[in-house]
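Accompanying notes for the structure given below.
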Amino acid sequence: MSKITAVCFDVGETIVNETREYGTWADWLGVPRHTFSAVFGAVLARGGDYRETFQYFAPGFDLKQEREKRAAAGKGETFSEEDLYNDARDCLAALQKQSLHVALAGNQTARAEGILRSLTLPVDTIGTSDSWGVEKPSPAFFERIVQELGCKPEEILYVGDRLDNDIGPAQKSGMQTALIRRGPWGYILKQPNVEEQCLFIIDTLAELPGRIAEHNAH
């Protein structure tokens with residue numbers, strides 16, 4: 001198996017804890033946060049798209065339009081240093097010290113991309129679906145990662161919490177993969193055939209630098 005020269009991370013629930021953000025959506029919809037979370041989980045458990053959750057509370061809900069309304073009302077989607085998982089920054093820095101190309105690439109808005117850049121994370125590349133004009137799980141998204149990182153697909157480790165949007169498509173693109181079990185998707189989704197092909201399955205990003213160093217030493 002090829003040595004890893006680049007590590008690319010998904011953003012939501014891999015690097016960024018989205019608990020607060022989904023809570024603000026519940027507030028925007030005027031429903032209790034625990035109710036929103038319960039419906040969100042039920043949608044995922046039956047294999048639905050998380051965006052279906054909004055339809056239960058506001059039929060015809062348009063996520064893009066509502067994001068614009070929130071921004072106009074001074075309640076735009078946001079996150080900050082405190083919303084980073086506490087193992088994220090140290091992991092990114094440790095990988096850079098191994099002379100690996102470190103990247104973030106996820107389905108994020110232009111607003112979210114701006115916030116990511118403002119956090120001055122120890123990464124070499126940041127890409128989002130908004131800026132690239134293509135989103136996961138499209139093969140074109142993963143092709144763009146390969147283009148941005150400038151190495152062979154098999155030399156890239158893609159790290160994500162979703163088997164459907166992250167891990168499976170990355171594997172099909174020829175990348176190696178690491179599944180992190182956290183966030184709702186990390187616990188609910190089960191695809192044994194995809195999991196079996198993962199190079200690593202981890203519970204915390206703190207495990208990753210050592211696992212990669214060990215892999216590359218062989």
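Yes or no: region 180-191 includes at least one residue that is under 19 Å from Ala94 (Cα atoms) and assigned by TED's automatic domain parsing to the domain that holds Gln147. Yes, that holds for at least one residue. When the residues of region 27-69 are filtered to those that are under 15 Å from Trp185 (Cα atoms) and touching a Leu at 6+ places or on another chain (Cβ under 8 Å), the one that is surrounded by the most Cβ atoms within 10 Å (Cβ to Cβ) is Leu44. Scanning region 43-64 for residues that are at pLDDT below 95 and either farther than 22 Å from Gln108 by Cα or of a type in the set (S, T, N, Q) (or both) gives Ala45, Arg46. Restricting attention to region 144-169 and to residues that are more than 20 Å from Asn216 (Cβ to Cβ) and without any contact (Cβ under 8 Å) to a residue 40 or more places away in the chain, the residue that is surrounded by the fewest Cβ atoms within 10 Å (Cβ to Cβ) turns out to be Gln147.
The values are calculated or read from the model by the stated rules, or taken from the named source; none is laboratory data. Nothing here was measured: the structure is a model prediction, and the numbers come from that model. Cβ: placed from backbone, ideal geometry, glycine included. Neighbour counts: every protein chain shown.
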